[in-house]
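Any read-out appearing in this document is the output of simple, stated calculations on the displayed coordinates, not a laboratory observation. As the structure is a computational prediction, the values presented were derived from the model and not from experiment. No Cβ is skipped: glycine too gets one built from the backbone with ideal geometry, and neighbour counts run over all protein chains shown.
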């Protein structure tokens, strides 16, 4: 009961933060809905939906590759439909019942004998997606090193990204290797905590084929580049000639990293502030482009989430949501 109340309060707080941030940006003139409305011509909408659709498909393909590497029989349409259901829940119920939990729930339901592998596939998929953002962010930092060093706030973000990237890389090297996991004392925890043993064994199975991990990271990088293409297309549509590929390479990966922090539902509000600041910092002039572009990105993603709603309604049983809420509480 206390957990349900806590989840509801957390959701209310997140929605409040999102509303306040969007309200502030509109009132202060940093986000003008009229600019977005003027971009909504039929050709622009079709282009935006196609790019976001390709971005989502590549992200779903990364998960399917990981599942197939562990011996799951996952047809392309099946894996994509589960991923789309997850996208829908990220927008429809951005609380304890998040998209990752939902697609994991359905995968476990369909493969109850592979529960740990199913759960770990979702976890690794999410982590590799974030890992690719750190890679692109550090590439952008190296490309514009002097600029980054000249801006204190951005310099600290870049340093944080480097530290997290290094930590994640070391984690992968240790947990995917039997020899390194023993060397660093991971076996000590495995012997005393059964769930840790199950997680480590599952992770090592996933990491046994290093080329699959490399391939998955490569797919992630392609997906992120497609996401960047959306921002480039938005710049062309809005006549923002100053928004070059250099600006996009710098601002977009770093912006999405900030948006991934679960402060507001689907990154709404937080994303607008982050992208507004990053594009203004890089271009060295006031511009609404960053806030407008990420809003368009979120709207296009929300449209694709409706496809996930159709898949969910076709699969849904009356007790599904209740079960997923129970899973969320058990995971806490």
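Observations, loosely collected:
- Measure of compaction for region 45-175 (Cα Rg per 2.2 N^0.38 Å): 1.25
- Spatial offset of region 115-187 relative to region 274-299 amounts to 25 Å, using the alpha carbon center of each.
- Neighbour counts of C-beta atoms inside 10 Å place 240, 182 in the sequence 182, 240, starting with the fewest.
- Footprinting exposure proxy ranking of 64, 174, 294, fewest other C-beta atoms within 10 angstrom first, gives 174, 64, 294.
- Ranking of 41, 295 by neighbouring Cβ atoms within 10 Å, starting from the fewest: 41, 295.
- Peptides 67-75, 51-59, 163-171 ordered by average Cβ neighbours within 10 Å, highest first: 51-59, 67-75, 163-171
- Potential lengthening between residue 54 and residue 77 on full extension [0.36 nm per residue; Cα-Cα distance subtracted]: 6.8 nm
- Per-q log10 I(q)/I(0), region 40-113, q = 0.14, 0.15, 0.19, 0.21 Å⁻¹ (Debye; single scatterer per alpha-carbon; no solvent): -0.51, -0.58, -0.83, -0.94
- At R0 = 30 Å, FRET efficiency that the Cβ-Cβ distance of residue 115 and residue 162 yields, to 0.05: 0.25
- Region 209-288: projected area of the alpha-carbon convex hull, averaged over directions, in nm²: 6.1 nm²
- For region 99-181, the equivalent ellipsoid derived from the Cα gyration tensor has semi-axes of 34, 16, 8 Å, listed largest first.
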